[in-house]
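Enquirer: I'd like to ask you about the structure that follows.
The values are calculated or read from the model by the stated rules, or taken from the named source; none is laboratory data. Computed from a predicted structure; not experimentally measured. Here the Cβ positions follow ideal geometry from the backbone for every residue, glycine too, while neighbour counts run over all protein chains shown.
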Amino acid sequence: MSDRRFPFSRALACALSSALAACCLAVPAFAWTGGDDAVLERSVTELGLSDELHPSIDASYAALMDEDGALWFGRAADERAQIASLTKIMTAIVAAEHLDAGASVTVTPEAAGVGESSAGLLAGDEMTFDDALKAVLTASGNDAASAVAQAAGAVILGERGQGGDAYACEAAFVEAMNAKAAELGMAGTYFANPHGLDFDAFAQGQYSCARDVAVMLRHAMGVDLVRANIGYEHVGIAVLRGGAPVTVELANTDTMIEGYAGTCAAKTGYTLAAGPCAATAVNRGDGHEYYAVVLASSSKPQRFADSEALYDWVYACREEVRAVAAPEPAAPAEPETATYQLLNAPRSVRATIGGAEAAWPVMAEVAHADWTNRTVTATVVGAEPAVTLPKEGGRVEQEASFDVVTGDVAAGDAVGRLAFRRDGAVVWEADLVAVEDVPAPTWWEAAGIGMQRFFGGLFGMPAVAESELVNLGAREAS
């Protein structure tokens, strides 16, 4: 990671094409770029990107992900860090899996006593889960996070046929948070509580990383109840306090919700160990949604400046960056092909079939079941005599199926089927048709054939001629 720091604003430009002038974006103080920063999973040093083609931010850890999960930008995105109240995004996700919007949430004395809360809830306060989520995500209430965790944890224990006090319920909930993190592939994350405090009694070894927080936020935005409650700047919630209804006003410390175009989610965090953090989402209706995570920025205002710089960069430079960092793969080379001549008959017969007189290649001799020693000479009509296939592959094998032929046969009648296969797949097929007329035996001939079969059978003589495929098979044309 580079050590360069810039004391003044600098211009961020992205050349959209050689015909367009560079676009300049004001970058706040302390922003910097580093060769270890990654763009679409490749370092800027490896890509040889100019400063204009990757963002300048201050945060020690950062990630910018899109709706498909592509990591457009990463700074130490997989390195372990503290995420403070960004933890509450997972709290909202897991709670929404166990509580309906109208479920009742009560603030226990244990939840009210967590401290460091911005929601101002009191022990005994009752509210719907929908309103409790607003307290968790808008005001970042630690009391609300614990109350929600305990309510959902009680459901989790109940599903197991168990019960427990507030601490047992919260422990079961945190266990579910970690299970959800594993399910989402957040290998760099461990949760120890539902609110994100990381000091004194809450220094419990929790950790995460910028990439995992982006994964978590992306998933959260697909949960309707969470998405509906993570984008408020100010909101009032209805609380039953001491048996009387009161309205508790909540405010978000994120300045982007009303101040940056397209912001649809915002969650902030801060502890001394984590530093100023933010996880936001922006959607401008162009088919893309982006999730920016900044951890350990230099100040609370700077975390928003960092987030905006990431969004400004991707909106200005998306196509040019993608062309450099993830170019479209070259079209695969056309496979080398060969033409196979399929009709390689040892002889031909001149005949008229379907009004066309020609020398027809003899493909097969098909037994006539009414005779003991007569076959129907067969050819193919109207089919291309060759096929072009990739050279790579197995042998082109021929196979024939013969009909049971009886009665009068006329030239052009189907008497079987000829097919060619390669690696089990049919690549060519056509009917075998009679080359000429073959009459059925007269009654006296049939009587003689019957006698012949009777006496021949005594000596093991065949009762009918044998069908034979005489085509020599496919041959590669030179």
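Enquirer: State whether the residues of region 278-285 include one that is among the basic types (Lys, Arg) and out of contact with any Gly (no Cβ under 7 Å at 6 or more places or on another chain). Outline the logic, then answer.
Expert: Residues of region 278-285 among the basic types (Lys, Arg): 284.
When the remaining residues are screened for being out of contact with any Gly (no Cβ under 7 Å at 6 or more places or on another chain), the result is none.
No, that holds for no residue.
Enquirer: Residue 147 - would you say it is out of contact with any Pro (no Cβ under 6 Å at 6 or more places or on another chain), in the same structural domain as residue 89 (by TED's automatic domain parsing) and either in a loop (DSSP other than H, G, I, E, B) or within 30 Å of residue 73 (Cα to Cα) (or both)? Step through it out loud before you land on a result.
Expert: Working: out of contact with any Pro (no Cβ under 6 Å at 6 or more places or on another chain): yes; in the same structural domain as residue 89 (by TED's automatic domain parsing): yes; either in a loop (DSSP other than H, G, I, E, B) or within 30 Å of residue 73 (Cα to Cα) (or both): no.
No, not satisfied.
Conditions tested, residue by residue: (1) in the same structural domain as residue 141 (by TED's automatic domain parsing); (2) hydroxyl-bearing (Ser, Thr, Tyr); (3) within 21 Å of residue 302 (Cα to Cα).
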position: 43; (1), (2), (3): yes, yes, no
position: 48; (1), (2), (3): yes, no, no
position: 77; (1), (2), (3): yes, no, yes
position: 87; (1), (2), (3): yes, yes, yes
position: 99; (1), (2), (3): yes, no, no
position: 105; (1), (2), (3): yes, no, no
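Rundown of residues vs (1) loosely packed, with under 12 Cβ neighbours inside 10 Å; (2) touching a helix residue (DSSP H, G or I) at 6+ places or on another chain (Cβ under 9 Å), yes/no style:
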residue: 377; (1), (2): no, no
residue: 403; (1), (2): no, no
residue: 411; (1), (2): no, no
residue: 421; (1), (2): no, no
residue: 435; (1), (2): no, no
residue: 440; (1), (2): no, yes
residue: 457; (1), (2): yes, no
residue: 464; (1), (2): no, yes
residue: 467; (1), (2): no, no
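Enquirer: Still on this structure, please answer the following. Among 63, 95, which is within 27 Å of the chain's Cα centre (by Cα), in the same structural domain as residue 165 (by TED's automatic domain parsing) and assigned to a helix (DSSP H, G or I)?
Expert: Values: 63 fails: assigned to a helix (DSSP H, G or I).
Just one listed residue meets the conditions, 95.
Enquirer: Further, regarding this structure: For region 291-305, how many residues meet the condition of being crowded, with 24+ Cβ neighbours inside 10 Å, within 14 Å of residue 267 (Cα to Cα) and not hydrophobic (A, V, I, L, M, F, W, C)?
Expert: 2
Enquirer: Pull up region 168-224, narrow it to residues that are of a type in the set (Phe, Trp, Tyr) and at pLDDT below 95, then point me to the one that is nearest to residue 275 (Cα to Cα). Even if it seems obvious, please write down each step before you answer.
Expert: Within region 168-224, the subset of a type in the set (Phe, Trp, Tyr) is 173, 190-191, 199, 202, 207.
Add one more test, that the residue is at pLDDT below 95, and what stays is 199, 202.
Details: 199: 13, 202: 16 Å.
Selected residue: 199.
Enquirer: Could you identify the single residue in 255, 263 that is surrounded by fewer than 21 Cβ atoms within 10 Å (Cβ to Cβ) and either of a type outside the set (Gly, Ala, Ser) or in contact (Cβ under 8 Å) with a residue 12 or more places away in the chain (or both)? First the steps, then the outcome.
Expert: Values: 263 fails: surrounded by fewer than 21 Cβ atoms within 10 Å (Cβ to Cβ).
When all the criteria are applied, what remains is 255.
Enquirer: On to the next question. Looking at region 327-343, which of its residues are assigned to a loop (DSSP other than H, G, I, E, B) and surrounded by 15 or more Cβ atoms within 10 Å (Cβ to Cβ)? First the steps, then the outcome.
Expert: Here is the first cut: in region 327-343, the ones assigned to a loop (DSSP other than H, G, I, E, B) are 327-336, 342-343.
Matches in region 327-343: 342, 343.
Enquirer: For region 76-92, name all the residues that are outside any helix (DSSP H, G or I) and at positive phi. Write out each step before concluding.
Expert: If we filter region 76-92 for residues that are outside any helix (DSSP H, G or I), which is where we start, we get 76-83.
Result: 76, single match.
Enquirer: Checking residue 417 against (1) under 16 Å from residue 371 (Cα atoms); (2) among the basic types (Lys, Arg); (3) assigned to a strand (DSSP E or B): exactly one of these is not met. Which one?
Expert: With (1) under 16 Å from residue 371 (Cα atoms); (2) among the basic types (Lys, Arg); (3) assigned to a strand (DSSP E or B) applied to residue 417, the lone miss is (1).
Enquirer: As an exercise: evaluate residue 211 against (1) surrounded by 22 or more Cβ atoms within 10 Å (Cβ to Cβ); (2) not in a helix (DSSP H, G or I) and give the number of the one condition it does not meet.
Expert: (2)
Enquirer: Does residue 191 fit the bill of being in contact with a Pro (Cβ under 9 Å, 6 or more places away or on another chain) and aromatic (Phe, Trp, Tyr)?
Expert: Numbers: in contact with a Pro (Cβ under 9 Å, 6 or more places away or on another chain): no; aromatic (Phe, Trp, Tyr): yes.
Here the answer is no, as residue 191 does not meet what is asked.
Enquirer: Let me ask another. When you scan region 203-214, how many residues do you find that are within 19 Å of residue 141 (Cβ to Cβ) and either in contact with a His (Cβ under 8 Å, 6 or more places away or on another chain) or β-branched (Val, Ile, Thr) (or both)? Spell out the reasoning first.
Expert: If we filter region 203-214 for residues that are within 19 Å of residue 141 (Cβ to Cβ), which is where we start, we get 206.
From the residues that got through so far, the ones that are either in contact with a His (Cβ under 8 Å, 6 or more places away or on another chain) or β-branched (Val, Ile, Thr) (or both) too are none.
The total comes to 0.
Enquirer: Against the definition (in contact with a Gly (Cβ under 7 Å, 6 or more places away or on another chain) and either surrounded by 12 or more Cβ atoms within 10 Å (Cβ to Cβ) or not in a loop (DSSP other than H, G, I, E, B) (or both)), how does residue 351 come out, yes or no?
Expert: Taking the combined requirement at face value, the residue does not satisfy it.
Enquirer: Tell me the residue from 95, 59, 63 that is in contact with a Gly (Cβ under 7 Å, 6 or more places away or on another chain), more than 21 Å from residue 251 (Cα to Cα) and buried (at least 24 other Cβ atoms within 10 Å of the Cβ), please.
Expert: Working: 95 fails: in contact with a Gly (Cβ under 7 Å, 6 or more places away or on another chain); 59 fails: in contact with a Gly (Cβ under 7 Å, 6 or more places away or on another chain).
Only one candidate qualifies: 63.
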